[in-house]
Amino acid sequence: MNELRNGYFEFDIDIYQEWKRTGYHYVAIITINADMYEYLDESAFEIIPHTNRPEIVEEVYAIDSEYLLACANQDLLATMFIVHKRYL
């Protein structure tokens, strides 16, 4: 796990696999205001795990989605995906 700052970690395959093992079925992805965090690139998104499908959030992905796996493998190089330590 790559710790960034302020309790945030870079989302990676280890976190993804732990969430699958723990029983999470969905994730919500929300945009982070990068101006507030000097260690983030322009595009930053927080990933929040859920056991049930959240209704209020617009961007929701199944834990087995190809998109989420690409995020975990850091295949989307222009974008940073982060996780707060409370979800680890």
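The values are calculated or read from the model by the stated rules, or taken from the named source; none is laboratory data. These numbers were taken from a predicted model, which means no experiment stands behind them. Here Cβ is always computed from backbone atoms with ideal geometry, including for glycine, and neighbour counts include all displayed protein chains. We work out accessible area using only protein heavy atoms, side chains counted, and drop any ligands, DNA or RNA first. Shrake-Rupley method; radii C 1.70, N 1.55, O 1.52, S 1.80 Å.
The number of residues in the range 54-73 being of a type in the set (D, E, K, R), farther than 19 Å from Thr22 by Cβ and either in contact with a Gly (Cβ under 6 Å, 6 or more places away or on another chain) or open to solvent by 80 Å² or more (accessible area, probe 1.4 Å) (or both) comes to 3. Can you pull out the residues in the range 1-53 that are among the charged types (D, E, K, R), at pLDDT 90 or above and more than 15 Å from the chain's Cα centre (by Cα)? Arg21, Arg53, listed by residue number.
Take Leu68 and decide whether it is assigned to a loop (DSSP other than H, G, I, E, B) and either modelled with pLDDT of 75 or more or of a type outside the set (Phe, Trp, Tyr) (or both). It is false that Leu68 is assigned to a loop (DSSP other than H, G, I, E, B) and either modelled with pLDDT of 75 or more or of a type outside the set (Phe, Trp, Tyr) (or both).
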